[in-house]
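What follows is a short report on a single structure.
The values are calculated or read from the model by the stated rules, or taken from the named source; none is laboratory data. Note that the structure is predicted; figures quoted are calculated from it, not measured. For neighbour counting, all protein chains shown are included, and Cβ atoms are generated from backbone atoms with ideal geometry for every residue, glycine included.
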Amino acid sequence: MMQNKFTGKKKFIDFSLGSLNLSLDVDKNIFLKKLNFIKNINNELFSIRVENKLIPRNKYKIEKVFKKTDVNFAVISIDFSQNFENDFFKGRISLIQKKKNITDFIFQLSARWHKNIPKKVLLKFPFLINLHKNKNFLKPGDIFDGKKRINKGVWNLHEYPPSIISDNLGNQCLGFEFYDQFPWQANYNLGISEAISNENFEKLETEIQLTRELTDIILMKIYTSSQGREKIFGLWKENTRERYDLRKYHDSKNRWIKKNYLQHFMFAYGEEAFDYKKMEFKIIQIIKEGKEFGGYDSILFWHQYPRLGLDESNQWQLYKYLPKNYKTIKKIVDICHSHNTKFFIPFKPWDIRSNESLDSHAKYLERFIKATSIDGFFLDTMSSLPDSFLKIQKKFPSFEFCSEGTPREQRQIETLTSSWDQIGDIRRNFKVEINSNFFRFLFPEHPLNLVSRWSVGSDKDSLIKRAAFNGMGMVIWQDIFGCWLPFSIEQKKNIKSLKSILKKYHKYFYGDNSIPLINTLSKKIICNEFSNSHGKQKIYSIYNFGSNKIKGRILKLPLEVKEFKQIYGKKANIQIQKKQNIFYLSANLNVDDVILVNIKFKI
Amino acid sequence: MKSFENKKIFIASNEYTYRVEHLTLEGTCSIDHGPRNVKIKNLLVDKYPVTNQQYSFFLKKTGYQPRDTQRFLEHKPNKKIFNLPVVFVSQNDAIAYAKWVGGRLPTDEEWQYIAAGPKYLDWPWGNKFNPSLCNHDGNKLESVNAYRKGESWCGCVDMSGNCWEWTAGIHDDGNHQFALLRGGSYFYAHDHWHVGGGARKNSYHWKLQILNEGMNRAATLGFRCVYDAK
């Protein structure tokens, strides 16, 4: 488990906990010498500056080594101390392992200040910066493209996927996670998770506040894998999800929101939605046109913005001004329901008046549900579900909420069970990138509908490909508040094809076995994996992001293949090749193509 | 409330360079915003927006009843508010009145010329905003002659603030129908996602997307008339 070696003048402490092996040189400072397959690291674990003076390396003294193991728990720690000028510092480095392949690395510090007056302390982590410079180090969401690491993964929540370092073969991997419980928490992890993803990480130096008692400075989770970086993601996913109460997603009811693959944005003020001669909404026509996309699963009616604010009428009053007031909505809802289509109305939190509360709006909503039988409430500009609305679901169990922003915080994710995955920026030259949305893979039970309202032409093509690559639904929004940006016939066909696949293979896409950015055999290919519960069948979404056609082996498969079929995208001449009992998927993949391949394995 | 005469002011024909700013939040406003040369014919223009008294008289004389009455005169005009601009009228309601008095609604270009004049003033009264010369950010509509010092170069009053004014025509970009409103209003909603309220510059119009009449009428939306002159 642990060895103290004192050879000649050098002092080493070797830690060995399960699959983690770590060696420290504690001769003059505390140096990381070895970390599993990474040898000769020879970097200081930390360096401390007090009022801009670096504490010299030779000041550190090892005070105590502690270890304890039993069946479920193993801990090793070393205490050290140092005097610097008139101040006294104590520290502790600990490794705690409660789960196989996941080890907590904890770094703590305390200070006894001269005359009890604290000083400014800055901390650096040379070992981390050195690892970060390693050519096999991947920041969260990064892949290698053969020459450099590039970002192909995005996430928009407070969890940070681990950074990963691998051996040259890519099998042995270590993942490092710096969980930030709360961004303003003193000392704890110091925003490393965010910094590591940004440029200038090398310059990261953080300020800490030290007291007489040891305080947590770093709590780094180290994930170990001998099965590539996919396994690291799986460990992180499992460990992260354990903190969440996901009952709302998995209650016994067959919640329709899980199959809300295509949501139509019905902007009221336009020919698409309104017949100016008959002065009525063209709901039957909309549903009919929706069939070109594969059929709308829900319709979001939109008439308050950009009209609210012309006078004092609030968002609910504007329904009264529609033809035949609320009855119009009731009529539309009934037609939608007869076509198996759900109906949303939006909520505008920015329209809440100073004499109103969320509770009062919940009452309006309750009355509206009773009067019109609407199925859902779309939370404009929001990414959380207020408690006032949460109560509505207790009265109307099939009523659903969907927000414009993907929820970011734990409580929001637990209560708000559907949202848009919205990208784009009208004010910039926004290009729709085809990459992996880590939120979608961390919480596959949370349906996301992809939308980029201002994207046109090739960006719309990319948007559809991005949805296919991530196995997610879309928002069909063509009338952007009075700007008509329709999908082409070809794009409609592609969406229709995607929807039929999402529907047919629902259990794969929305099951909890999906992994983003698995290893591929081509530097210009990225791939996500979706699997059914027992792993007998998988769907691979594959994207050629390079500038040349790729021909040949692109994936090494985990098992012997029984059947395979390309289910989405331009024909790519998929073949399964066997060599030395290993199965490979080969394809001819054009530039910018996204394909989906379904494979049944022999088990 | 003492009534007063809404006299007509003569505007001599002229050419001027039309240039307008619009703010549609998101979406587009598919008209040519200039700069472009426009010709204004000889016109007479109402000094004030049409008042409740004038509109009530019209109703009394004509028995006008819109086909769709949703929100029509929702504020229930009475003698106490006779001098306030008539609101809760759709563009159709405004046109019906204008026809009856032998006039019409000003075009967007005409409205701007009436407000800004040949000196291209930013505000009816000059180039500097002065909230004391208009009903800006107030609590309610005020009499159309409450801010006579804020009159435009030709003597028209209440062109900025108090109530938005319809201009002529429904614009059609092939997929949407919309009208252009001028002048701003007393009402200033609290959030940036709301329609930008308050008094508005002469060179500003707002795109009102047309729907049914109930949605086309508002508590802040009135009109004034112009008359073709020789």
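Counting only residues that are touching a residue at least 60 places away in the same chain (Cβ under 8 Å) and aromatic (Phe, Trp, Tyr), which one in segment A:296-324 is surrounded by the fewest Cβ atoms within 10 Å (Cβ to Cβ)?
It comes out as A:Tyr305.
Quickly run through segment B:136-170 and pick out the residues that are surrounded by 17 or more Cβ atoms within 10 Å (Cβ to Cβ) and not in a loop (DSSP other than H, G, I, E, B).
B:Gly150, B:Trp164, B:Glu165, B:Trp166 - these are the residues of segment B:136-170 that are surrounded by 17 or more Cβ atoms within 10 Å (Cβ to Cβ) and not in a loop (DSSP other than H, G, I, E, B).
Just to be sure I understand, how many residues within segment B:184-205 are within 13 Å of chain A (Cβ to nearest Cβ) and closer than 24 Å to B:Gly103 by Cβ?
Within segment B:184-205, the subset within 13 Å of chain A (Cβ to nearest Cβ) is B:184-198, B:200.
Subset that is closer than 24 Å to B:Gly103 by Cβ: B:184-185, B:200.
The total comes to 3.
Within segment A:180-222, can you find the residues that are assigned to a strand (DSSP E or B) and either within 20 Å of A:Pro118 (Cα to Cα) or touching a Leu at 6+ places or on another chain (Cβ under 7 Å) (or both)?
First, pick out the residues of segment A:180-222 that are assigned to a strand (DSSP E or B): A:206-208, A:215-222.
Within segment A:180-222, A:Thr206, A:Glu207, A:Ile208, A:Thr215, A:Asp216, A:Ile217, A:Ile222 meet the criteria.
Kindly indicate whether any position in segment B:152-172 is of a type in the set (Asp, Glu), in contact with a Gly (Cβ under 8 Å, 6 or more places away or on another chain) and within 11 Å of chain A (Cβ to nearest Cβ).
no
Please find, within segment B:31-71, the residue that is nearest to the chain's Cα centre (by Cα) out of those that are on the phi > 0 side of the Ramachandran plot and more than 14 Å from every other protein chain (Cβ to nearest Cβ).
B:Gly34
Results for (1) part of a loop (DSSP other than H, G, I, E, B); (2) free of Cβ contacts under 8 Å to residues at least 24 places away in the same chain; (3) more than 18 Å from B:Ile170 (Cα to Cα), shown as yes or no for each residue.
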{"residue": "B:Tyr16", "(1), (2), (3)": "no, no, yes"}
{"residue": "B:Leu25", "(1), (2), (3)": "yes, no, yes"}
{"residue": "B:Ile31", "(1), (2), (3)": "yes, no, no"}
{"residue": "B:Asn37", "(1), (2), (3)": "no, yes, yes"}
{"residue": "B:Phe58", "(1), (2), (3)": "no, no, yes"}
{"residue": "B:Lys76", "(1), (2), (3)": "yes, yes, yes"}
{"residue": "B:Pro106", "(1), (2), (3)": "yes, no, no"}
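How many residues are at pLDDT 90 or above and within 24 Å of the chain's Cα centre (by Cα) if we restrict to segment A:106-138?
3
Answer yes or no as to whether A:Phe293 is surrounded by 17 or more Cβ atoms within 10 Å (Cβ to Cβ), in contact with an Asp or Glu (Cβ under 9 Å, 6 or more places away or on another chain) and of a type outside the set (Ser, Thr, Tyr).
no
Scan segment A:394-422 for residues that are surrounded by 22 or more Cβ atoms within 10 Å (Cβ to Cβ) and either of a type in the set (Val, Ile, Thr) or in the same structural domain as A:Pro140 (by TED's automatic domain parsing) (or both) and jot them down.
Correct list: A:Thr406, A:Ile413, A:Thr417.
Being surrounded by fewer than 19 Cβ atoms within 10 Å (Cβ to Cβ), of a type in the set (D, E, K, R) and under 22 Å from A:Ser166 (Cβ atoms) narrows it down to one of A:Lys39, A:Lys53, A:Lys68, A:Lys64, so name that one.
Answer to the selection: A:Lys39.
Here's the yes/no breakdown for (1) modelled with pLDDT under 95; (2) part of a loop (DSSP other than H, G, I, E, B); (3) under 21 Å from A:Lys562 (Cβ atoms):
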{"residue": "A:Asn513", "(1), (2), (3)": "yes, yes, yes"}
{"residue": "A:Lys523", "(1), (2), (3)": "yes, yes, no"}
{"residue": "A:Ser533", "(1), (2), (3)": "yes, yes, yes"}
{"residue": "A:Lys538", "(1), (2), (3)": "no, no, yes"}
{"residue": "A:Tyr543", "(1), (2), (3)": "no, no, no"}
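If you scan segment A:32-46, which residues turn out to be in a strand (DSSP E or B) and in contact (Cβ under 8 Å) with a residue 24 or more places away in the chain?
A:Leu32, A:Leu35, A:Ile38, A:Asn43, A:Glu44
I need the full set of residues from segment A:285-314 which are among the charged types (D, E, K, R) and within 14 Å of chain B (Cβ to nearest Cβ), in order please. Show your work before the answer.
Here is the first cut: in segment A:285-314, the ones among the charged types (D, E, K, R) are A:288-289, A:291-292, A:297, A:307, A:311-312.
If the condition is that a residue be among the charged types (D, E, K, R) and within 14 Å of chain B (Cβ to nearest Cβ), then A:Glu289, A:Arg307, A:Asp311, A:Glu312 are the ones that fit.
For B:Ala229, work out the one condition from (1) in contact with a His (Cβ under 8 Å, 6 or more places away or on another chain); (2) more than 8 Å from chain A (Cβ to nearest Cβ) it doesn't fulfil.
Here B:Ala229 meets the rest and fails (1).
Say we look at segment A:223-259 and pick out the residues that are farther than 30 Å from A:Leu557 by Cβ and part of a helix (DSSP H, G or I); which of these is nearest to the chain's Cα centre (by Cα)?
The qualifying residue nearest to the chain's Cα centre (by Cα) is A:Ile257.
I'd like the full set of residues that are surrounded by fewer than 18 Cβ atoms within 10 Å (Cβ to Cβ) and either in a helix (DSSP H, G or I) or of a type in the set (Phe, Trp, Tyr) (or both), limited to segment B:110-122. So that I can check it myself, show each step before the final result.
Our first condition is that a residue be surrounded by fewer than 18 Cβ atoms within 10 Å (Cβ to Cβ); within segment B:110-122, this holds for B:118-120, B:122.
Passing the criteria: only B:Tyr120.
Are any of the residues in segment B:207-215 assigned to a helix (DSSP H, G or I), out of contact with any Phe, Trp or Tyr (no Cβ under 6 Å at 6 or more places or on another chain) and within 11 Å of chain A (Cβ to nearest Cβ)?
yes
Does segment A:301-320 hold any residues that are outside any loop (DSSP other than H, G, I, E, B) and either not assigned by TED's automatic domain parsing to the domain that holds A:Thr372 or not aromatic (Phe, Trp, Tyr) (or both), and which are they?
A:Gln317, A:Leu318, A:Lys320
Could you please let me know if B:Ala218 is within 14 Å of chain A (Cβ to nearest Cβ), of a type outside the set (Ser, Thr, Tyr), part of a strand (DSSP E or B) and closer than 30 Å to A:Gly270 by Cβ?
Against the criterion (within 14 Å of chain A (Cβ to nearest Cβ), of a type outside the set (Ser, Thr, Tyr), part of a strand (DSSP E or B) and closer than 30 Å to A:Gly270 by Cβ), B:Ala218 does not qualify.
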